[in-house]
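Down below is the structure, laid out as structure tokens.
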Amino acid sequence: MITEEQVLAWLELSATVMAENKEFLTDLDAAIGDADHGINMNRGFSKVKDKLPELAGKDIGTILKTTGMTLMSSVGGASGPLYGTVFMKAGQALAGKTELGSDDLCTLFQSGRDGIVQRGKAVAGDKTMFDVWAPVVEVADANRGLEPLAFLEMCVATAEEARDATAPMQARKGRASYLGERSIGHIDPGAASSTLLLAALRDTIKGG
Amino acid sequence: MIGIVIVSHSRELAAGIQALIEQMVSSPEARENIAYVGGLDDESNPIGTDPMQVMEAITRVAGEEGVLVLMDLGSALLSAETALDFIDPEVAENVRLCAAPIVEGALAAAIQASLGADLESVAREAEGALAMKRSQLGLNDEEAAPGVQGAPLKEEEDGLTLDLVITNENGLHARPAARFVGCAGKFQAEIQLEKAGKHANAKSINQVTGLAVKKGETIHIIATGSDAAEALAAIRLLHEDQFGEKDVQPLQAPVQTSPTAVNAGGQGESVEGILSGIAVSPGIAIGEAFLLKSGPLVVKKEKSDSPEEELRRLDVALREAVTATEQEKAAVGKSNPQQAEIFDFHRLLLQDEETLEATKKRIREESKTAEAAWQSVTDALVERYRNIDDSYLRERAADVVDIQQKVLRGLIGGDLLPTELPGPVIVIAKDLSPGEVVALPPETLGICMEEGGVTSHAAILAAARGLPTITAIRGLCAGVADGQLLILDGSTGQLHLHPDAATTAQYRERQLAAEQQVQRLRESAQLPAITRDDHSLRISANIGGPQDVAGALAGGAEGVGLFRTEFLFQESGGEPDEDSQCASYRAAVEALAGRPLIIRTLDIGGDKSLPGMSSTCEENPFLGRRGIRFTFAHPEIFKRQLRALLRASHYGDLKIMFPMIGSPGEFRRAKAMLQEAMEELQQEKIPCNAAIKVGLMIEVPSAVILADQLAAEADFFSIGTNDLSQYILAADRGNAGVAGLITPFHPAVLRAVDATVKAAHEANIHVGMCGAFAGMQEAAPLLVGLGLDELSMNTPGIAGQKEAIRALTLKDAQECAGAALRCSSAEEVQQLLQAFRGGLRN
Ligand SMILES: Nc1ncnc2c1ncn2[C@@H]1O[C@H](COP(=O)(O)OP(=O)(O)OP(=O)(O)O)[C@@H](O)[C@H]1O
Ligand SMILES: [Mg+2]
């Protein structure tokens, strides 16, 4: 089971990961967008990190919701409302929980994916973060029975594959869509940041 | 006032938009209702959007009337949507996210909002902003669509469009163009006209005529703005009415096509003693020549150092010219409302913004006098008209010269025309302007011009005045001396310079014969429609307003069987108030001097809509809320019309008719509302005819089936064959694929007419017909034989239909109609009629 402290630790690690990958994400966004995705994510998660002390002792639902709100108002790009909605939805779905099993993680991913669709109206193949979340939800659903760590390993592997699969796609949403065919050949920055978040969760659990 | 929120990634862009808006919107209240959200609070990376800021902004400007949000791109959209999730749902309900391009949209929206428009209209205005830009750049939709698939521009609204094929004989020439511009001018919407890649502002007469739209060509109309839909509906209606030229002789002087006349154009004196020109108005004039020396006015003073004074003088002169034009119109209008519209064209020329601005600019920037500025601008305009690739429009140059001279006269004085002539004379002039033709004293016998063409307005007006006229006579002014005896033959275009006694006698005889023939025609129009065995029918006219009555009576109408009130509404750009409605109805009934007048209440819906009235889109409008159903849904409008009708009923034989009644219940309901209106008026002590006759159109099959029940409650029926045919034959008039199935000659329609007439006569009530069928001469035996009491039709058909009836006997007609009822197809009925006509001839 994943505890409330582990969730906080995940968010803290995410902030670190986003700071470390700021260049990486921004470079990806420079290729097919407006070169700000890393900046945006770093800004958002450093705000989240600032909020974490207040959240100690709160239920997981509240933690996720607050994260969502914080991201929403600080990221500044399309990924703000998107990740904001992801975390808010997940927080609503997991309200009152103090620990999470694989089943709950499955719920988290599902409501996250639904949030992306609600906000961004993305469909498979649009070359967005949805293209990571959708296959992850499917794999998660099929592997509910696994222990959280094994479960997350499966999910991260799926995400990494899905992230790379966005490269040959032509963007149909967001800034990259203005590039048309020229968006082909690069990974979607949002798909990359989503994969980073999942990997951070796995790493948190793995680290104990 | 609605609130507006501008959401941009960039603070600078938001501030820039603010600056643009504040240039045009100065009211502090309006400015306060616009919030600008731009960028992030991050020094180093300030580009982005923040849903929370958007939310705050919306809350700040939100009021009762709602908020319109305009966004630049990407996350601005997502942020705005997110903001809505966080806002009080009651507020959010009234927030509209607008797909307009941000700069154009914001400007359009801010201006509309500052004018107090509602959320819906502001949104539409903003969304239409792109269409203007596109048409300005001459792009059509495909070209303008963004190259990138899925990019947001694709979903922009474009304004509404309408394609019309012009069917007017002379294309969209001056008079219909004036109608068109006049109609467009009543609406707020931007209306652009396009023909083959050329664009014109529909509100500028010079631009519209400059397109030189000919018969058969298609114009593409793009309207953007809050009342775009209404504007297009009004234009569509106007187009159906051929811009006022339906049922009217094409706008053309009655040109004689005899080869002499045409070939003789401009040939001068090819035969000894005879000058030839173009015959534009027939008739013979015999009299002395009167040479009119009307040269253009000469501008002497070019410069002035008081532009203010010059602007004022221009203003006064223009206003006087407009007044004079209106007087001329009124003078012509009494006898000839169609021709009077030429002066509408003149008025529009005088009020054309483009011309006015150009003139003012020359006064201000070049220190020109008003007359010099006006002359140079209008000279250029004349030149422009002269170069239009259309002979008809080229001749409009004379109209421009006319208004030019009119204004110049106001500015520098000088009367062109004598107010008196030495006696009955033939006027000889280099060229006459339309205004001059109208102003010619009554002693004028005929007109000869050295210049001019077939269709110049001057020629048309001469024809309207019944003055024999020849134009384009080469060598005229040099070849004719004042006081010389002339014979003008307006039918051949020949002017005899030295007629001998024999020629003169011969022409006098012809003159007499021609006069008699015209007289005979006129008299026969007034003869009643009585069959050879003494059965008589009342022949009435269908009219669109009181101005049509005089023409109808002159054309032989014995009353009005259908006054369509839609035009009154259409022309007023919505709904005329009770007083002005009453004035129109009263004018009509008074002009009829005791003859009967049937006025149909508003028949809107189907393919006709009301400007200013948002018409709901119906899948099957002909089966939708039209006629009485529409008025039941808008009882206030109905009530005002009924009150106006009742008030007018005091002044003559006015009857009320309801359209689209399908059952006795509906008829009772309409009558109850009439009763209510009457009681109101009685309480207000306003006189009305308490015994007013009330009837209904029979145009819905159910009304035919229940005709006996309806007849028990109505004072009269009038059969509307156009709609009745389409409903009985279940084919949509507007659907080209099936419209061919519709014919009133179908035995099913004839049987419906038969049943209706029988039911009416059983109940002893009057039954007429007011559809197009009633005016068809080939249908006369059926119409008479089926027993209709009255036929109401467009004026030009009256004399002929009366004549057709006079050739029949009731007995033969009844036999023919009886046989037609037994036919099984429209073709059989037509064959029967053909055989019948053959029998008549033998
Ligand atoms: N409509 C959408 N639906 C789902 N995901 C989207 C959508 N639009 C953008 N994205 C995701 O957001 C990522 C970009 O996020 P980023 O923070 O760089 O926003 P942005 O595109 O720069 O926003 P902005 O529109 O403000 O420029 C994309 O890589 C894509 O995964
Ligand atoms: Mg970006």
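The values are calculated or read from the model by the stated rules, or taken from the named source; none is laboratory data. Just so you know, these numbers come straight off a predicted model, no measurement behind them. Please note: Cβ atoms are built from the backbone with ideal geometry, for glycine as well, and neighbour counts cover all protein chains shown. To get the accessible areas, we keep the full protein, side chains included, count just its heavy atoms, and leave off ligands, DNA and RNA. Shrake-Rupley method; radii C 1.70, N 1.55, O 1.52, S 1.80 Å.
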Exercise. Which percent of the accessible area of the protein assembly as shown is formed by carbon and sulfur heavy atoms (probe 1.4 angstrom)?
Worked result: 51 percent
Seminar exercise, completed: Compactness summary of region B:752-802: radius of gyration and Dmax from Cα atoms, Å, are 11.0, 33
Exercise. Rg and Dmax of region B:186-237 over Cα atoms: what are they, in angstrom?
Worked result: 10.9, 31
For this session: Quick one: check the C-alpha center-to-center distance for region A:108-155 versus region B:185-248, whole angstrom.
Result: 56 Å
Problem set entry | Isotropic mean projected area of the C-alpha convex hull, region B:3-127 (nm²) | 6.7 nm²
Exercise. Can you list the residues of region A:77-121 whose accessible area drops by at least 30 Å² going from the chain on its own to the full set of protein chains, with a 1.4 Å probe?
Worked result: A:A78, A:P81, A:R119
Problem set entry | Residues losing 20 Å² or more accessible surface upon assembly, region A:36-53, compared with the chain by itself, 1.4 Å | A:I39, A:R43
Problem set entry | Per residue solvent-accessible surface (Å²) - the protein assembly as shown, probe of 1.4 Å | 42 Å²
For this session: Per DSSP H run of at least 4 residues, take -39500 (n - 2.57); add these up for chain B, divide by its residues and hand me the 222 nm value, nearest 500 deg cm²/dmol.
Result: -14500 deg cm²/dmol
For this session: Could you size up the charge dipole of region B:3-127 around its Cα centre, putting +1 on the beta carbon of Lys and Arg and -1 on that of Asp and Glu, and report it in debye to the nearest 20?
Result: 300 debye
Problem set entry | ³J(HN,Hα) computed for each position of region A:63-74 - Karplus, 6.51 cos²θ - 1.76 cosθ + 1.60, integer Hz, glycine/proline x | 4, 5, 4, 4, 4, x, 4, 5, 4, 3, 9, 10
Exercise. Could you give the radius of gyration (one decimal) and Dmax (whole number) of the Cα atoms in region B:307-414, in Å?
Worked result: 14.2, 46
Exercise. Using alpha carbons only, what's the Rg to Rh ratio of region B:154-244 with Rh from Kirkwood?
Worked result: 0.95
Exercise. Any idea what the relative contact order of region B:3-127 is, in percent, if you count C-alpha pairs under 8 Å spaced at least 6 apart?
Worked result: 30 percent
Seminar exercise, completed: Given Cβ charges of +1 for Lys and Arg and -1 for Asp and Glu, the option among B:G197, B:A552, B:L119 whose Cα lies farthest towards the positive end of the dipole of chain B is B:A552
For this session: Can you tell me which of B:541-551, B:668-678 comes out highest on packing, and rank the rest after it, using the mean Cβ neighbours within 10 Å?
Result: B:541-551, B:668-678
Seminar exercise, completed: Heavy-atom accessible surface buried between B and A, both sides counted, 1.4 angstrom probe, nearest 100 Å², is 1800 Å²
Exercise. Once the dipole of region B:698-772 is set up with Lys and Arg at +1 and Asp and Glu at -1 on Cβ about the Cα centre, which of B:T743, B:I698, B:Q709 lies farthest towards its positive end?
Worked result: B:T743
Exercise. Cα centroid distance between region B:528-559 and region B:348-391, in Å?
Worked result: 47 Å
Problem set entry | Karplus (6.51, -1.76, 1.60) ³J(HN,Hα), θ = phi - 60°, over region A:96-106, in Hz, Gly and Pro reported as x | x, 6, 10, 8, 10, x, 4, 4, 5, 4, 4
Seminar exercise, completed: With +1 on the Cβ of every Lys and Arg and -1 on the Cβ of every Asp and Glu, the dipole magnitude of region B:531-841 about its Cα centre, in debye rounded to the nearest 20, is 320 debye
Exercise. Hey, which of these cross-link pairs are over 28 Å Cα-Cα: B:K186/B:K214; B:K195/B:K361; A:K22/A:K206; B:K198/B:K406; A:K65/A:K121; B:K300/B:K406?
Worked result: B:K195/B:K361; B:K198/B:K406
For this session: Could you list which residues have their amide H under 5 Å from that of B:M769, counting only those 5 or more apart in sequence or on another chain, with H placed in the peptide plane?
Result: B:I719, B:E790, B:L791, B:S792
Seminar exercise, completed: The relative contact order of chain B, taking Cα pairs under 8 Å that sit 6 or more residues apart, comes to a percentage of 9 percent
Seminar exercise, completed: Along region B:22-31, Karplus-curve 3J(HN,Hα) (6.51, -1.76, 1.60; θ = phi - 60°) to the nearest Hz, with x for Gly and Pro, reads 6, 4, 10, 10, 9, 5, x, 5, 5, 5
For this session: For the protein assembly as shown, give the magnitude of the charge dipole about the Cα centre (Cβ charges: +1 Lys/Arg, -1 Asp/Glu; no others), in debye to the nearest 20.
Result: 2720 debye
Problem set entry | Cβ-based charge dipole, region B:307-414, positive-most Cα from B:T378, B:P307, B:I412 | B:I412
